[in-house]
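S.K.: Could you have a look at this structure, given as structure tokens, before my questions?
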């Protein structure tokens, strides 16, 4: 096994939505020779700019960003593909004596990158369409019940309203003819060829994060989120509210609004509520990751957050140099 001291350095900057990751990443990039790799399952989509808080052209011109604008909204992208792409880009960055700075809130991607993924079958378009049609007819609660019959262990971990995970678990069961939980049981973590500096931005006051989330979503609406979704749906008419890209927080709620299923007030309230739920899930992921790994936590509400984070990185780099 390679000595960890000899491994190249990588920085993980994690945290819930609205915790200020993007700004802190730019502050890090000003001080250290880094290139940013987006760890965001929504920023991989082209045209989805406002609702994903994607960096603008001015920022992209000054600070290299990777793994954004990879695919169209009617295409799919997996955690396995992310791991492959991220490792390749990290190797290139390290070869140029720079530090990969991985920034985002898609915790599944961080875990896949660190530990690898179990060997699960690739997505099957025809089967997914069949499952979506079944769900449209019977509802996702009934689909969750079906999953309970096929894989009680996985079903217990998934809420009856989590259509994306229910669909994937059923897909795996049907394609492999065995419970997904049995496949995951045989999973062996892969080696991660980097020395990590893992940083998590955690709110000291959850209520303050909620205020940030509300302001963030209102700003997205003011910036033209509804018009952005209208454009995307016109350009890709096969998209539905159940398409992976349109399941993203904010986009799903706008789709419901455009389909006249909710009004403007409900759009506002549901968008904020969904974003808060996303932040809660991200914090839960971080707690589980913290139990298995060394993660440096900072209060994302601190006035001197940037200085705190940069001081940690500087110390970690100097310690390694010694």
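Only the coordinates and a few stated rules stand behind these numbers; no lab work does. Values in this document were obtained by computation on a predicted structure and should not be read as measured data. Here the Cβ positions follow ideal geometry from the backbone for every residue, glycine too, while neighbour counts run over all protein chains shown.
S.K.: Using only the Cα atoms of the stretch 125-185, build the gyration tensor, take square roots of its eigenvalues as a ≥ b ≥ c, and label the shape rounded, prolate or oblate: rounded if a/c is under 1.5, else prolate if a/b is larger than b/c, else oblate.
M.R.: oblate
S.K.: Okay, next question. For the chain, modelled as a GNM with alpha-carbon contacts under 10 angstrom, which of 291, 191, 79 fluctuates the most?
M.R.: Per the Cα network of the chain with a 10 Å cutoff, 291 tops the list.
S.K.: Calculate, in nm to one decimal, what residue 123 and residue 31 gain on full extension: separation in residues at 0.36 nm each, minus their alpha carbon distance.
M.R.: Here the segment from residue 123 to residue 31 would lengthen by 29.0 nm.
S.K.: List the relative contact order of the chain as a percent without decimals, with contacts defined as Cα pairs under 8 Å and 6+ residues apart.
M.R.: With pairs under 8 Å counted, the relative contact order is 27 percent.
S.K.: Kindly state, to the nearest 0.05, the FRET efficiency for residue 264 paired with residue 6, given R0 = 51 Å and r defined as their beta-carbon distance.
M.R.: 0.35
S.K.: Which shape class applies to the stretch 39-113: rounded if a/c is under 1.5, otherwise prolate when a/b exceeds b/c and oblate if not, where a ≥ b ≥ c are the square roots of the Cα gyration tensor eigenvalues?
M.R.: oblate
S.K.: Also, I was wondering about something else. Output the 0 to 90 degree angle, nearest 10, between the alpha-carbon long axis of helix 305-321 and the longest principal axis computed from the alpha carbons of the chain.
M.R.: 60
S.K.: May I pose another question? Compute the acute angle (0 to 90°) between the alpha-carbon long axis of helix 125-138 and the principal axis of greatest extent of the alpha-carbon atoms of the chain; round to the nearest 10°.
M.R.: On a 0 to 90 degree scale, this one is about 60.
S.K.: Based on alpha-carbon centroids, what's the gap between the stretch 169-188 and the stretch 1-64 in Å, whole number please?
M.R.: Result: 32 Å between the Cα centres.
S.K.: With axes computed from alpha carbons, what is the tilt in degrees of helix 225-235 against the longest principal axis of the chain, rounded to the nearest 10 within 0 to 90?
M.R.: 60
S.K.: Classify the chain as rounded, prolate or oblate, taking a ≥ b ≥ c as the square roots of the eigenvalues of its Cα gyration tensor: rounded when a/c is under 1.5, otherwise prolate if a/b is larger than b/c and oblate if not.
M.R.: Verdict is oblate for the chain.
S.K.: Moving on to the next point. Ranking 235, 21, 137 by Cβ neighbours within 10 Å, fewest first, what do you get?
M.R.: Lowest to highest Cβ neighbour count: 137, 235, 21.
S.K.: If you don't mind, another one. Please report how far the C-alpha centroid of the stretch 254-275 lies from that of the stretch 82-130, rounded to the nearest whole angstrom.
M.R.: Here the answer is 31 Å between Cα centres.
S.K.: Cut-off 10 angstrom, C-alpha nodes, Gaussian network model of the chain. Which of 122, 279, 29 fluctuates the most?
M.R.: 122
S.K.: Taking the Cβ-Cβ separation of residue 137 and residue 240 as r and a Förster radius of 22 Å, what is the calculated FRET efficiency to the nearest 0.05?
M.R.: 0.90
S.K.: So if we plug the beta-carbon distance of residue 318 and residue 178 into 1/(1 + (r/R0)^6) with R0 = 45 Å, what FRET efficiency do we get, rounded to 0.05?
M.R.: 0.35
S.K.: Another question, if that's okay. What does the helix-only formula give at 222 nm for the chain: each DSSP H stretch with n ≥ 4 adding -39500 (n - 2.57), the total divided by the residues, and the result rounded to the nearest 500 deg cm²/dmol?
M.R.: Result for the chain: -17500 deg cm²/dmol, rounded to the nearest 500.
S.K.: Which one of 64, 73, 16 has the biggest mean-square fluctuation once the chain is modelled by GNM with Cα springs under 10 Å?
M.R.: Comparing 64, 73, 16 in a Gaussian network model of the chain, the most mobile one is 64.
S.K.: Can you sort 297, 58 from fewest to most other Cβ atoms within 10 Å of each residue's own Cβ?
M.R.: Ordered from fewest to most neighbouring Cβ atoms within 10 Å, 297, 58 come out as 58, 297.
S.K.: Please report 194, 45, 77, 174 as a ranked list, fewest other C-beta atoms within 10 angstrom at the top and most at the bottom.
M.R.: With the sparsest Cβ surroundings first, the list reads 174, 77, 194, 45.
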